[in-house]
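The values are calculated or read from the model by the stated rules, or taken from the named source; none is laboratory data. Everything numeric here is computed off the predicted structure, so don't read it as measured data. Cβ atoms come from the backbone with ideal geometry, glycine included; neighbour counts cover every protein chain shown.
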Amino acid sequence: MKVAILGAGAMGSALTVPLVDRGHEVRLWGTKYDVKILDVIAKGGLHPRIGVKIPDLVKIYYPEDLKKALKDIDVVILGVSSAGVASVSEQIKDIIDRKTPIVIVAKGLEEVGGEILTMTQIVERIIEGGDRIIYISGPSIAKELAHRYATMVVYNSKNLKLVENIKKEFETTYYKISINDDVIGAELCASLKNIYAIAIGWFDGFAKKRNGLEMNNAKSAFFAQAIKEMAYIVEQMGGKRETVYGLSGIGDLLVTTRGGRNGMFGMFIGMGFPVDKALKEMEERGVGVVEGYVTAEMMYKFINGKVDKSRLPLFYSAYEVLFKGLQVLDAVEKVLNTLSKLSTF
């Protein structure tokens, strides 16, 4: 198969490894934001984000070569950031065939035309054929995948026949794929886990301020509540609770809390950094956009009026810390007091 990966960031680039191992012709196209990365990997250097050499068989395409990258393509993988999904979808809609499968990697919500949309909703609005869209969810750290460490993800689509065929083409001995038809549930899990990872990360900051002893008891309480709230939100928005209890929910939240920029951002807040200073610290460390921070405001609008706020004490406390000036210690006390009053926690 000829597979075009659009976006040379961490995950898009990591996916070149299993696809080349399966013998596919892989084309990696970068946006204007990826040019420095393309320059490095085109010369055989290590990818700056994932620390591996991209397979020699991968064909590199610069921003101006999009049409060449998509010529006679069999599958398109959208590996750009959530902010770039609408723009790239507009660029490719008149180039690719109407039946070409589109696989989406980006996680989050974006405002388009005054409406908050998921990634698949954005693509469906711009490119015809919602039954050819596949959304990847689940625990997948790009660097681990690029090093061929065992990884299992979920490919979600309304078209299970299509996703079965893609699974057969993409799976390797180390890259395993399960399938699901709960697209909205998977997408919400992918967005929510970043928000909850920030809140769980607060305790790492508290620990650093004290004696360094990890606060796993409290983190576990927040983790359990995060899953409970995710299941409620997913169900209220038309998804399945079961999706939250699998790789897309528990699996992805677990891996996100054990490392990554969202947990780090939460740690800085727990250490006493004001939110703006914590964001500045993240920027200075060059770790990129804190997805959970961006998504929290979008999610607040997305679920507004569709949920019972009293059932989401952790989500709304995290939101108030990030955007309303609520002190993090007050937020933790508020959440724990609320949870202790529940009869079924």
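Under the condition of being in contact (Cβ under 8 Å) with a residue 12 or more places away in the chain and of a type in the set (Ser, Thr, Tyr), which residue from the range 281-315 is nearest to Gly238 (Cα to Cα)?
If we take residues in the range 281-315 being in contact (Cβ under 8 Å) with a residue 12 or more places away in the chain and of a type in the set (Ser, Thr, Tyr), then Tyr300 is nearest to Gly238 (Cα to Cα).
Filter the range 123-132 for residues that are part of a helix (DSSP H, G or I), within 16 Å of Ser157 (Cβ to Cβ) and in contact (Cβ under 8 Å) with a residue 12 or more places away in the chain and give the result.
Scanning the range 123-132 gives Val123, Gly130, Asp131, Arg132.
What helices (runs of 4 or more DSSP H) lie completely within the range 232-291 and have 2 or more residues being more than 15 Å from Ala190 (Cα to Cα) and assigned by TED's automatic domain parsing to the domain that holds Met215?
Here the list reads 261-270, 275-284.
Restricting the search to the range 191-207, which residues are small (Gly, Ala, Ser) and surrounded by fewer than 24 Cβ atoms within 10 Å (Cβ to Cβ)? Walk me through it before giving the result.
Initial filter on the range 191-207 (small (Gly, Ala, Ser)): 191, 197, 199, 201, 205, 207.
The answer is Gly205, Ala207.
Quick check on my filter: what residues within the range 75-98 are among the basic types (Lys, Arg) and at pLDDT 95 or above? Lay out the reasoning, then the answer.
First, the residues of the range 75-98 that are among the basic types (Lys, Arg): 93, 98.
Lys93, the sole residue that qualifies.
Please identify the pairs in which a residue from the range 101-116 that is touching a residue at least 40 places away in the same chain (Cβ under 8 Å) has its Cβ atom under 7 Å from the Cβ atom of a residue that is among the basic types (Lys, Arg), counting only partners at least 6 apart or on another chain.
Pro101/Arg132; Ile116/Lys301
Being within 23 Å of Glu111 (Cα to Cα) and among the aliphatic types (A, V, I, L, M) is the filter here; which residues of the range 263-311 pass it?
Val275, Leu279, Val289, Val290, Val294, Ala296, Met298, Met299, Ile303, Val307
Does any residue of the range 111-119 turn out to be over 17 Å from Gly12 (Cβ atoms), of a type in the set (Asp, Glu) and surrounded by 15 or more Cβ atoms within 10 Å (Cβ to Cβ)?
No, that holds for no residue.
In the range 76-87, which residues are of a type in the set (Val, Ile, Thr) and either assigned to a loop (DSSP other than H, G, I, E, B) or touching a Ser or Thr at 6+ places or on another chain (Cβ under 7 Å) (or both)?
Residues satisfying the conditions are Val76, Val80.
Looking at the structure I just gave you, is Val294 farther than 19 Å from Ala221 by Cβ, among the aliphatic types (A, V, I, L, M) and not in a helix (DSSP H, G or I)? Break it down stepwise before answering.
Values: farther than 19 Å from Ala221 by Cβ: yes; among the aliphatic types (A, V, I, L, M): yes; not in a helix (DSSP H, G or I): no.
Taking the combined requirement at face value, the residue does not satisfy it.
Every residue, every condition in (1) among the polar types (S, T, N, Q); (2) modelled with pLDDT under 95, yes or no:
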{"residue": "Leu188", "(1), (2)": "no, no"}
{"residue": "Asn194", "(1), (2)": "yes, no"}
{"residue": "Glu214", "(1), (2)": "no, yes"}
{"residue": "Lys228", "(1), (2)": "no, no"}
{"residue": "Glu235", "(1), (2)": "no, no"}
{"residue": "Arg258", "(1), (2)": "no, yes"}
{"residue": "Phe273", "(1), (2)": "no, no"}
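Could you go through the range 200-213 and let me know if any residue there is among the basic types (Lys, Arg) and either in a loop (DSSP other than H, G, I, E, B) or farther than 14 Å from Gly266 by Cβ (or both).
The answer is yes, given that some residue of the range 200-213 is among the basic types (Lys, Arg) and either in a loop (DSSP other than H, G, I, E, B) or farther than 14 Å from Gly266 by Cβ (or both).
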